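Report on the structure given below.
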Amino acid sequence: MLRGPIQGGPIQEFISLYLLLKTGQTISYHADDDGDLELGIAHSYTTLTVGQYSGTTTILINGKTHNLSNNCVKDNRTGKIWARYVPFADIGPAADGKLFWEQWTLAAESCTFNAGAKTITAAAGTPFNVSALCVGRKIDLSETADNNIEITVAAIANNVITTVEDLVNEGPVNTTFATKDDLIWDFLDQANTNNLGGYNDWRIPNCLELSSIIDLGNCGPSIDTVAFPSTVSAYHWSSSTDACDSTLAFRISFYSGAVSGAYKKPARYCVRLVR
């Protein structure tokens, strides 16, 4: 048994060069580059598709339902279990499976309500956040004539929101906007409540966990497409927050494998669960 820190020597070199993951890149663009050396250990997966891993689990968010496959993938190196599929339809404001990291609240916005046009118009110089208050998003409104009504965004353009629901003529009046559900955490809660794949201890993966299933030998998507078929070539949320700016969380591109930060409130991306 090894005791104490390892400082230098052949054991440290072995750990550094061979126990870390291969990127999956096999093409060499220069002598001694990643594709030439191909250092590290390869991904190794077992797909789980029978018994408790067959069928689907219902995910219900904001009145929208997605039947997520119970198929899972075991990472043979770490023992982690991954959800094999990512929702790419049905749930989320745009019914494309993309969800927000955090709720959006806009306090004391001066607005005018038009019943005939079903529009909410913000005061000049205070445009709405089009990304956060996107089409299909449900919002609770307070300080209005209807008080605590729920609206669904049918269209939005800078200072004007068009709603699905009827409105009452009013304004200008200070109005608080608070978005409802459509979060990755709502998705997580549904997966655990309904025992996705027979488990109730799923998590949103941290940035390093999510990066560990990137395969740079592939592009669009940059992942093992046998183990993880139908992966969306898009950004996926991690549960990790940027220490330099806590309004950002890390996202991973499964088009190219790039890691970057994104604002938690107005951005929406895919999400894959791990346990």
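The values are calculated or read from the model by the stated rules, or taken from the named source; none is laboratory data. Bear in mind that the values here come from a model prediction, so they are computed numbers and not experimental data. Heads up, the Cβs are rebuilt from the backbone with ideal geometry, glycines too, and the neighbour counts pull from every protein chain shown.
Can you pull out every residue in the stretch 21-50 that is touching a residue at least 12 places away in the same chain (Cβ under 8 Å) and over 21 Å from CYS219 (Cα atoms)?
The answer is THR46, THR47, LEU48, THR49.
For the stretch 215-234, which positions are crowded, with 19+ Cβ neighbours inside 10 Å and either outside any loop (DSSP other than H, G, I, E, B) or among the β-branched types (Val, Ile, Thr) (or both)?
Of everything in the stretch 215-234, those that are crowded, with 19+ Cβ neighbours inside 10 Å and either outside any loop (DSSP other than H, G, I, E, B) or among the β-branched types (Val, Ile, Thr) (or both) turn out to be ILE223, THR231, VAL232.
When you check ALA83 against the structure, is it closer than 30 Å to HIS43 by Cβ, in contact with an Asp or Glu (Cβ under 8 Å, 6 or more places away or on another chain) and among the aliphatic types (A, V, I, L, M), yes or no?
It is false that ALA83 is closer than 30 Å to HIS43 by Cβ, in contact with an Asp or Glu (Cβ under 8 Å, 6 or more places away or on another chain) and among the aliphatic types (A, V, I, L, M).
For every residue, the table says whether it meets (1) modelled with pLDDT of 85 or more; (2) in a strand (DSSP E or B); (3) more than 33 Å from the chain's Cα centre (by Cα); (4) not assigned by TED's automatic domain parsing to the domain that holds ALA89.
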{"position": "MET1", "(1), (2), (3), (4)": "no, no, yes, yes"}
{"position": "ILE11", "(1), (2), (3), (4)": "no, no, yes, yes"}
{"position": "PHE14", "(1), (2), (3), (4)": "no, no, yes, yes"}
{"position": "LEU17", "(1), (2), (3), (4)": "no, no, no, yes"}
{"position": "GLY24", "(1), (2), (3), (4)": "yes, no, no, yes"}
{"position": "HIS30", "(1), (2), (3), (4)": "yes, no, yes, yes"}
{"position": "ASP36", "(1), (2), (3), (4)": "yes, no, yes, yes"}
{"position": "THR57", "(1), (2), (3), (4)": "yes, yes, no, no"}
{"position": "THR65", "(1), (2), (3), (4)": "yes, yes, no, no"}
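Considering only the stretch 104-125, how many residues are modelled with pLDDT of 90 or more, surrounded by fewer than 17 Cβ atoms within 10 Å (Cβ to Cβ), outside any strand (DSSP E or B) and not hydrophobic (A, V, I, L, M, F, W, C)?
Of the residues in that region, 1 qualify.
Anything in the stretch 154-192 that is within 19 Å of the chain's Cα centre (by Cα) and of a type outside the set (Phe, Trp, Tyr)? List them, or say none.
Of the residues in the stretch 154-192, the ones within 19 Å of the chain's Cα centre (by Cα) are 179-192.
Selection gives THR179, LYS180, ASP181, ASP182, LEU183, ILE184, ASP186, LEU188, ASP189, GLN190, ALA191, ASN192.
Specify which of the listed residues (ASP96, ASP90) is out of contact with any Ser or Thr (no Cβ under 9 Å at 6 or more places or on another chain) and within 19 Å of CYS270 (Cα to Cα). Lay out the reasoning, then the answer.
Numbers: ASP90 fails: out of contact with any Ser or Thr (no Cβ under 9 Å at 6 or more places or on another chain).
Result of the check over ASP96, ASP90: ASP96.
Determine whether ASN70 is in contact with a helix residue (DSSP H, G or I) (Cβ under 7 Å, 6 or more places away or on another chain), outside the structural domain of ILE156 (by TED's automatic domain parsing) and of a type outside the set (A, V, I, L, M, F, W, C). Lay out the reasoning, then the answer.
Values: in contact with a helix residue (DSSP H, G or I) (Cβ under 7 Å, 6 or more places away or on another chain): yes; outside the structural domain of ILE156 (by TED's automatic domain parsing): yes; of a type outside the set (A, V, I, L, M, F, W, C): yes.
Yes, satisfied.
Just give me the residues in the stretch 179-208 being within 21 Å of GLU150 (Cβ to Cβ) and either in contact with a Cys (Cβ under 6 Å, 6 or more places away or on another chain) or modelled with pLDDT under 95 (or both), in sequence order.
Filtering the stretch 179-208 down to residues within 21 Å of GLU150 (Cβ to Cβ) leaves 179-183, 185-187, 189-190.
THR179, LYS180, ASP181 - these are the residues of the stretch 179-208 that are within 21 Å of GLU150 (Cβ to Cβ) and either in contact with a Cys (Cβ under 6 Å, 6 or more places away or on another chain) or modelled with pLDDT under 95 (or both).
Considering (1) of a type in the set (A, V, I, L, M); (2) in contact (Cβ under 8 Å) with a residue 40 or more places away in the chain; (3) within 21 Å of HIS236 (Cα to Cα), say which one ALA123 fails and leave the rest.
(3)
Looking at the stretch 238-256, I want the residues that are without any contact (Cβ under 8 Å) to a residue 24 or more places away in the chain and surrounded by fewer than 17 Cβ atoms within 10 Å (Cβ to Cβ) and have a partner that is outside any loop (DSSP other than H, G, I, E, B) and of a type in the set (Phe, Trp, Tyr) with Cβ atoms under 6 Å, at least 6 apart or on another chain. Which pairs are those?
THR247/TYR263
For THR176, indicate whether it is at pLDDT 95 or above and over 30 Å from ILE27 (Cα atoms). Give the steps one after another, and end with the answer.
On the way: at pLDDT 95 or above: no; over 30 Å from ILE27 (Cα atoms): yes.
Criteria not met by THR176.
Could you list all residues from the stretch 193-234 that are over 16 Å from the mean Cα position of the chain (by Cα), among the aliphatic types (A, V, I, L, M) and within 17 Å of SER253 (Cα to Cα)?
LEU216, ILE223
Counting just the residues of the stretch 143-180 that are in contact with a Lys or Arg (Cβ under 7 Å, 6 or more places away or on another chain) and crowded, with 20+ Cβ neighbours inside 10 Å, which one comes out farthest from TYR269 (Cα to Cα)?
LEU167
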